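A.B. asks: Encoded as structure tokens, here's the structure I'll be asking about.
Computed from the coordinates by the stated procedures, all read-outs in this text should not be read as laboratory data. Predicted model, so just to flag it, every value in this text is computed and none were measured. Every residue, glycine as well, gets a Cβ built from its backbone with ideal geometry; the counts of neighbours run over all protein chains shown.
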Amino acid sequence: MSDYFSHETAVIDENCSIGAGTKIWHFSHVMSNSSVGKKCNIGQNVVISPKVILGNNVKVQNNVSIYTGVICEDDVFLGPSMVFTNVINPRSAIVRKEEFLKTRVKKGASIGANATIVCGNDIGEYAFIGAGAVVTKEIPAYSLWVGNPAKQIGWVSEYGHRLEFDSDGKASCPESKVKYKLENNKVIQL
């Protein structure tokens with residue numbers, strides 16, 4: 001008996017690692033040589049390609065394909081139907097599997113529904129990518145991005161609340177009360 005749950009319609013290939021307490025739902029496919037951490041939730045119709053790495057407590061909503069080259073650290077949220085790419089200039093008739101670009105989604109980051117992450121662009125810790133955004137560049141930690149192409153419109157706390165910085169560059173999360181400082185266009189937790 002395994003220490004994770006998989007729906008009877010899910011396909012789990014050989015030579016993959018799935019952590020304790022993880023749930024894999026209807027019509028999802030975990031491919032060989034991938035790694036899924038503990039207490040993850042993999043929604044329905046999700047594909048996890050070979051060599052993908054998901055940390056612990058990653059939430060993958062329905063209809064997400066996570067392609068080779070993607071690494072998601074702990075506590076990442078991937079919204080419904082969001083998209084990763086892994087080749088910068090795909091062509092059907094030209095094989096470019098040796099050109100896959102890596103994309104790292106760092107701890108605690110959230111990517112909204114229907115967002116697109118162009119390969120080779122890392123998402124910083126606790127960053128928040130809004131629904132439908134198209135990410136074409138590196139995303140700093142704690143930053144908030146929306147639109148196509150995505151543009152930064154602010155900063156967020158670890159709890160995902162907008163941070164309003166005072167004249168000294170300090171802000172507090174309204175939920176956790178944790179304090180943050182904005183300095184040289186970077187946010188750090190105090």
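A.B. asks: Name the long-range amide H neighbours of G154: under 5 Å, sequence gap of 5 or more, or other chain; modelled H, no Pro or chain starts.
C.D. replies: L144
A.B. asks: With 10 angstrom as the radius, rank I94, I188 by how many other C-beta atoms surround their C-beta, starting from the fewest. Present the calculation step by step, with values, prior to reporting the outcome.
C.D. replies: Numbers: I94 9, I188 12.
With the sparsest Cβ surroundings first, the list reads I94, I188.
A.B. asks: Would you mind working out the magnitude of the charge dipole of region 1-106 relative to its Cα centre, with +1 at each Lys and Arg C-beta and -1 at each Asp and Glu C-beta, to the nearest 20 Debye?
C.D. replies: Numbers: 11 positive and 9 negative charges, 65 e Å.
Value, rounded to 20: 320 debye.
A.B. asks: What is the total of Lys pairs in region 68-190 with C-alpha atoms under 15 Å apart, excluding same-chain pairs fewer than 8 positions apart? Before the final figure, lay out the partial values.
C.D. replies: On the way: K102/K137; K106/K137; K137/K151; K170/K179; K170/K181; K170/K186.
Summing the qualifying lysine pairs gives 6.
A.B. asks: Can you work out ³J(HN,Hα) from phi for every residue in region 13-22, in order, using Karplus 6.51 cos²θ - 1.76 cosθ + 1.60 and θ = phi - 60°, giving whole Hz and x for Gly and Pro?
C.D. replies: Once rounded to whole Hz, the list reads 6, 6, 6, 10, 10, 10, x, 4, x, 6.
A.B. asks: What is the fewest-to-most order of S35, S2, S28, S176 by other Cβ atoms lying within 10 Å of their Cβ? Before the final figure, lay out each step's value.
C.D. replies: Details: S35 16, S2 9, S28 23, S176 12.
Least to most surrounded, the residues fall as S2, S176, S35, S28.
A.B. asks: Also, quick follow-up: Short version: ³J(HN,Hα) in whole Hz for each residue of region 105-112, in order, from phi by Karplus 6.51 cos²θ - 1.76 cosθ + 1.60 (θ = phi - 60°), x for Gly and Pro, what are they?
C.D. replies: Once θ is set to phi - 60°, the couplings for region 105-112 become 9, 7, 2, x, 6, 10, 10, x Hz.
A.B. asks: Still on this structure: Taking R0 as 41 Å, what's the FRET efficiency between Q152 and H7 from their Cβ-Cβ distance, rounded to 0.05? Intermediate results must be reported in sequence, preceding the final value.
C.D. replies: Values: r = 38 Å, r/R0 = 0.93.
With a Förster radius of 41 Å, E is 0.60.
A.B. asks: Okay, next question. Calculate the FRET efficiency for A113 and K170 from the Cβ-Cβ distance with a Förster distance of 25 Å, rounded to the nearest 0.05. Could you put the intermediate results ahead of the total?
C.D. replies: Values: r = 32 Å, r/R0 = 1.29.
Efficiency computed from Cβ-Cβ geometry: 0.20.
A.B. asks: Report the one residue of S32, N45, N15 whose Cα lies farthest in the direction of the positive end of the charge dipole of region 1-74 (charges on C-beta: Lys and Arg +1, Asp and Glu -1; origin at the Cα centre).
C.D. replies: Of S32, N45, N15, it is N45.
A.B. asks: Normalising by the residue count of region 1-131, find the relative contact order in percent from Cα pairs under 8 Å and 6+ residues apart.
C.D. replies: Relative contact order for region 1-131 comes out at 16 percent.
A.B. asks: List the relative contact order of region 45-190 as a percent without decimals, with contacts defined as Cα pairs under 8 Å and 6+ residues apart.
C.D. replies: Working: 406 pairs, mean separation 19.4, N = 146.
This gives 13 percent for region 45-190.
A.B. asks: Amide H of C72 versus every other amide H placed in the peptide plane: which residues, excluding those fewer than 5 positions away on the same chain, fall under 5 Å?
C.D. replies: I53, L54, G55, V105
A.B. asks: Going by how many other beta carbons lie within 10 Å of each one, how would you line up Y67, Y159, fewest first?
C.D. replies: Working: Y67 19, Y159 13.
Going from sparsest to densest Cβ surroundings: Y159, Y67.
A.B. asks: Could I ask something else about it? Round to a whole angstrom and tell me the spacing of the C-alpha centers of region 1-62 and region 96-142.
C.D. replies: 20 Å
A.B. asks: Under a point-charge model restricted to the Cβ atoms of Lys and Arg (+1) and Asp and Glu (-1), what is the dipole moment magnitude of the chain relative to its Cα centre, in debye to the nearest 20? Mind showing how you got there, number by number?
C.D. replies: Numbers: 20 positive and 18 negative charges, 53 e Å.
That gives the chain a dipole magnitude of about 260 debye.
A.B. asks: Using C-alpha positions alone, give me the convex hull volume of the chain per residue in cubic angstrom.
C.D. replies: 121 Å³
A.B. asks: Still on this model: Stretch N89-H161 to full length: gain in nm at 0.36 nm per residue minus the Cα-Cα span?
C.D. replies: Working: separation 72, 0.36 × 72 = 25.92 nm, distance 3.57 nm.
Gain on stretching N89 to H161: 22.4 nm.
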